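Enquirer: Handing you this structure, nothing more for now.
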Amino acid sequence: MLCLLFLAPLFSGAQVSFSTIADELSIHLNDVVQVQFIAENATQIEDFRAPAFRDFKVMHGPIETSGMSMVNNQVTQYKALTYILQPLRKGRLSIPGASALINGKKMQSNKIIIEVGDNASRQTNPYPMNPGISPFQQTVEEEYLLSPGENAGDKIKDNLLVRLELDKTTAYIGEPIVASYKLYTRLRSESRVSKRPSMNGFSVYDMIEPDGSGPTIEILNGKSYQVHIIRKTQLFPLQEGEFMLEPVELENVVRFLRTGSESGQGSNRSPLQKLFDDLLTDQQGNWEEHRVTLSSKPERITIKALPEGAPASFNGAVGKFTISGKLLNSVIAAGDNATFELFIDGKGNLPLVNAPQLTLPEGFTQFDPQVTEEINKMVAPMEGFKKFSFAIIPETPGKYLLPAVPFSYFDPSTRQYRTIQTDSIRLEVTPAANRKPASGPATGVTIPAKEDNRTIWIIGMLGAIAMLATIFLLLKKQKPSSWTIKQAETAPSKPAETAGELLATPALPQIPSDPFATAREAVVNNDPPAFYHAIDRALWEIISGKLQLAGSSEQKPLAMQLLAAKGFGIAESDHLKKCWQQCEWALYTPSTILQIDNSLLDQAESLAATIEAL
């Protein structure tokens, strides 16, 4: 039995919870798993009893951690005990919940199931830094104790800092630059972004998903820090010149315990001593709160213009790419649609790559392409493909050779332009039904018969008008049915229907899928990062579907302009901007302190209904 007494501020309106979580639910037999028993908003915890880890060996623990967060003026405090466990056998292994007396009430945490498979191959180093503990599970000693006379400002300066890291400071237009804003801490602190950096002159793409930015451990100046990624982006320069990346500013609240003697200074204690002191004794002293605003240093970036001598087919692509094309049908009838698919694969500024120009034989009609893309924006440079689907219509029969499509790009690694092209493709166009084939050379290149096409069209229209007139006369002679009379008596008057309307088959109503299903699932799973990401994606899916925007055209200014043109009001526009802003702020908040705002889901659903009704 382990008896604990946690001293905490009083959170009278907050709900108390006690839960069990693991960093992995599927591991190998020779792996370790980190299991935490977390009490939220508890003012007093006593009589804590860990479960019997029958199928696991305790490699390390218990380790105490604590913290607080504030979302929408609601403060959440948590205390956690962490164990590092190694499985003793394969299979579905159960870890029962722990029990404790929390705020005077007996509570039991949930149980979890760990899937354990065969041994995984290991690195050759048989002597890890801490045997039995994964490098990702190392802990950082918190510098939260102040001895008498010790200056809190000096301790904050040495143990809390914000940095901007760049993978390069010189690049060509279109060449990606990775910018990472990081918070390094060894303190018990809460941080909030108070000023976000503007990135004018760049096309900005975030590289870290909201649920993928957990804290890591880094060594800086010989000390271990817990590191939170505030924002990690991939910047594509749009113009040449000197640019200054502005700093990010964070407001921080740091808590210290001012002890009554010099011996209480945390930096003089070993990790084992700290564990026993923190868990088995009460620290004597007074808690202090210090507020400090920190910012990263601005960084200068030099953007170079692309070299002169760009090929005629160059349209801004920077990176390394391949191109291919194909016809979905190599034989079609004159006047029918043929689909030509053009693929551009590779690494570089793919979101900014535009469709190459097609050169088609005379007598072909070409339409703007539909664009689909699959791009991994989590790596630098981005990699994936773009597909451009062109609809083309040949008017005259014959055998054609569609010319190769050229595509040029600039390769920053070689500092040279390269031009590649598709293979030429053969297309056979057969005479259309009910058309008189046009005479032409034996080579198959024919002369368009535009007058014949117009004549056929006029005859067809006259026939359709005569048929509709006959149907209309027959309907007038029929006696109205009892159903029609009843409708006339009860239904409001409306203009008489045309014969075309009478013959039309009503379209089946389509049941739209719930775009916010993922967000609801995140609420059930209490997964704040996934929640905000799902809200953002659902709004973009609805807006893109309404405005017919391709993936690379999902830009807020363009979307707001097109929505306003459809009658989207000023108040609704403000609400949409606030929703976007709240989702974007989630990117700046460490996942360990992020909370779900249920009112945001209601606002997003209301906006979605308004947009769909435009």
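Enquirer: How far apart, in nm, are two points set 7 Å out from the Cα along the Cα-to-Cβ line at residue 526 and at residue 329?
Expert: 5.7 nm
Enquirer: How large is the accessible surface of residue 566 in square angstrom, using a 1.4 angstrom probe and rounding to the nearest 10?
Expert: For residue 566, the solvent-accessible surface is approximately 100 Å².
Enquirer: Going by average Cβ neighbours within 10 Å, how do the peptides 395-408, 286-299, 373-386 rank, with the highest at the top? Display every interim value, and only then the final one.
Expert: Working: 395-408: 18.8, 286-299: 13.5, 373-386: 16.9.
Those peptides, ordered most packed to least, come out 395-408, 373-386, 286-299.
Enquirer: Still on this model: Apply 1/(1 + (r/R0)^6) to the Cβ-Cβ distance of residue 413 and residue 206, taking R0 = 22 Å, and write down the FRET efficiency to the nearest 0.05. Numbers along the way, then the final one.
Expert: Numbers: r = 25 Å, r/R0 = 1.13.
For residue 413 and residue 206, the calculated efficiency is 0.35.
Enquirer: Pull out the extension gain between residue 216 and residue 560, defined as 0.36 nm times the separation in residues minus the alpha carbon to alpha carbon distance; nm, one decimal.
Expert: Details: separation 344, 0.36 × 344 = 123.84 nm, distance 3.76 nm.
In short, 120.1 nm is gained.
Enquirer: Each residue of the range 557-570 in order: what ³J(HN,Hα) in whole Hz does its phi give by Karplus 6.51 cos²θ - 1.76 cosθ + 1.60, θ = phi - 60°, with x for Gly and Pro?
Expert: x, 5, 4, 5, 5, 5, 5, 4, 5, 8, x, 6, x, 5
Enquirer: Taking 30 Å as the cut-off for C-alpha to C-alpha distance, list the pairs among 111/182; 111/223; 386/556; 304/546 that go past it. Walk me through the intermediate numbers first.
Expert: Working: 111/182 35 Å; 111/223 36 Å; 386/556 21 Å; 304/546 39 Å.
Listed pairs above 30 Å: 111/182; 111/223; 304/546.
Enquirer: Take the Cβ-Cβ distance between residue 399 and residue 101 as r, set R0 to 51 Å, and report the resulting FRET efficiency rounded to the nearest 0.05. If you can, show how the numbers build up before the last one.
Expert: Working: r = 87 Å, r/R0 = 1.70.
After rounding to 0.05, the efficiency reads 0.05.
Enquirer: On a full-extension model of 0.36 nm per residue, what is the gain between residue 242 and residue 25, subtracting their alpha-carbon distance, rounded to one decimal in nm? Each step should come with its number before you reach the end.
Expert: Working: separation 217, 0.36 × 217 = 78.12 nm, distance 4.82 nm.
So the chain would gain 73.3 nm between residue 242 and residue 25.
Enquirer: Sorting check: for 530-543, 91-104, which peptide has the highest mean count of neighbouring beta carbons within 10 Å, and how do the rest follow? The partial results should precede the final answer.
Expert: Values: 530-543: 21.0, 91-104: 17.0.
Ranked by mean Cβ neighbours within 10 Å, highest first: 530-543, 91-104.
Enquirer: Tell me, what HN-Hα J-couplings in whole Hz come from the Karplus equation 6.51 cos²θ - 1.76 cosθ + 1.60 at θ = phi - 60° for each residue of the range 594-606, using x for Gly and Pro?
Expert: 6, 10, 7, 9, 5, 5, 5, 5, 5, 5, 5, 5, 5
Enquirer: Between residue 94 and residue 514, what is the spin-label point distance in nm, taking each point 7 Å from the Cα along the Cα→C-beta axis?
Expert: Going by the 7 Å Cα→Cβ label model, 3.1 nm.
Enquirer: Determine the gain in length on full extension of the stretch residue 339-residue 299; use 0.36 nm per residue of separation and subtract their C-alpha separation, reporting nm with one decimal. Before the final figure, lay out each step's value.
Expert: Values: separation 40, 0.36 × 40 = 14.40 nm, distance 4.80 nm.
Taking 0.36 nm per residue and subtracting the Cα distance, the gain is 9.6 nm.
Enquirer: Just check the range 159-261 against the gyration tensor rule for me: Cα atoms, a ≥ b ≥ c as the square roots of the eigenvalues, rounded for a/c under 1.5, and otherwise prolate or oblate depending on whether a/b exceeds b/c.
Expert: Values: a/c = 2.46, a/b = 2.29, b/c = 1.08.
Prolate, because a/c is 1.5 or more and a/b exceeds b/c.
Enquirer: If ligands, DNA and RNA are left out, what is the accessible area of residue 161 with a 1.4 Å probe, given in Å² to the nearest 10?
Expert: Taking all protein chains as shown, residue 161 has close to 40 Å².
The values are calculated or read from the model by the stated rules, or taken from the named source; none is laboratory data. Since we're looking at a predicted model, the values are computed, not measured. Every residue, glycine among them, receives a Cβ derived from its backbone with ideal geometry; neighbour counts consider all protein chains shown. Ligands, DNA and RNA are stripped out before the accessible areas are found, and what is left, the full protein with its side chains, is counted by its heavy atoms. Shrake-Rupley method; radii C 1.70, N 1.55, O 1.52, S 1.80 Å.
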